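Novice: Sharing a structure, written as structure tokens. Questions coming.
Read-outs throughout are calculated quantities, based only on the coordinates presented, and are distinct from any laboratory measurement. Not measured: the values here are computed from a predicted model. Cβ: placed from backbone, ideal geometry, glycine included. Neighbour counts: every protein chain shown.
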Amino acid sequence: MKGYSTGFPALIFVLSEELQPKKGKANAVQASRQFRDSAIAWAELFQTEGDYSVFIPGRFFNIYRADATAVKASQNKCLCTEKAPVVILADKTGKVVDVMEGKGLIKRSKVVTEMTEVLRKDGYIQNGNSFTRLQELMSSLEKVEVAVQFIIHC
């Protein structure tokens, strides 16, 4: 990413949707471990209902999904299907500041902490306390909305 900059920090989610042959079954395929791990990591970050912790600092980021399904390690040792899933965080100048490989390291709290640190270093925020308070506020508003809908439909 050296030399690449959009003027905003970036989060790049590298995934794999690689299928592999099923053992013992001709012409049958199944999701590879990287495919399954990519789906789990994506859900952890972006599909957890009622959790906005990644979306809040994410408003300051360019967020990309990079499909490395057809990329082998011999072509690119860093961004390949064998390494997926990978989360890459870059600052506003395009400099890579963190790389998290594998579903075990791609956890919401770690990603949010690292995103907040990038925003702090890039001068967008002074600290991440407001993000935590906003997450709490949004969760409370969602609970109130559910309660109101329940009352309306009773």
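Novice: Note down all Cβ pairs under 7 Å where the first residue falls in the range 56-78 and is in contact (Cβ under 8 Å) with a residue 60 or more places away in the chain, the second is part of a loop (DSSP other than H, G, I, E, B) and surrounded by 12 or more Cβ atoms within 10 Å (Cβ to Cβ), and they're at least six residues apart or on different chains.
Specialist: So the pair list comes out as Phe60/Phe8; Phe60/Pro9; Phe60/Tyr124.
Novice: Looking at the range 13-22, can you tell me whether even one residue there is under 15 Å from the mean Cα position of the chain (by Cα), closer than 26 Å to Lys121 by Cα and surrounded by 20 or more Cβ atoms within 10 Å (Cβ to Cβ)? Give the derivation first.
Specialist: If we filter the range 13-22 for residues that are under 15 Å from the mean Cα position of the chain (by Cα), which is where we start, we get 13-16.
Retained after the next criterion (residues that are closer than 26 Å to Lys121 by Cα): 13-14.
Remaining after also requiring surrounded by 20 or more Cβ atoms within 10 Å (Cβ to Cβ): 13-14.
Yes: the range 13-22 contains one or more residues that are under 15 Å from the mean Cα position of the chain (by Cα), closer than 26 Å to Lys121 by Cα and surrounded by 20 or more Cβ atoms within 10 Å (Cβ to Cβ).
Novice: Suppose we filter the range 39-62 for residues that are surrounded by 15 or more Cβ atoms within 10 Å (Cβ to Cβ) and of a type in the set (Ser, Thr, Tyr); how many remain?
Specialist: Residues in the range 39-62 being surrounded by 15 or more Cβ atoms within 10 Å (Cβ to Cβ) and of a type in the set (Ser, Thr, Tyr): 2 in total.
For every residue, the table says whether it meets (1) of a type outside the set (Lys, Arg); (2) surrounded by 14 or more Cβ atoms within 10 Å (Cβ to Cβ).
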residue	(1), (2)
Tyr64	yes, no
Asn76	yes, no
Leu79	yes, yes
Val86	yes, yes
Asp91	yes, yes
Val97	yes, yes
Lys103	no, yes
Ile106	yes, yes
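Novice: When residues of the range 87-110 are filtered for being in contact with a Ser or Thr (Cβ under 9 Å, 6 or more places away or on another chain) and under 19 Å from Gln47 (Cα atoms), how many remain?
Specialist: Going through the range 87-110 one residue at a time, the tally reaches 3.
Novice: Then there's this: Scan the range 107-133 residue by residue and report those that are in contact (Cβ under 8 Å) with a residue 24 or more places away in the chain, closer than 18 Å to Asp91 by Cα and under 13 Å from the mean Cα position of the chain (by Cα).
Specialist: Val111, Val112, Glu114, Met115
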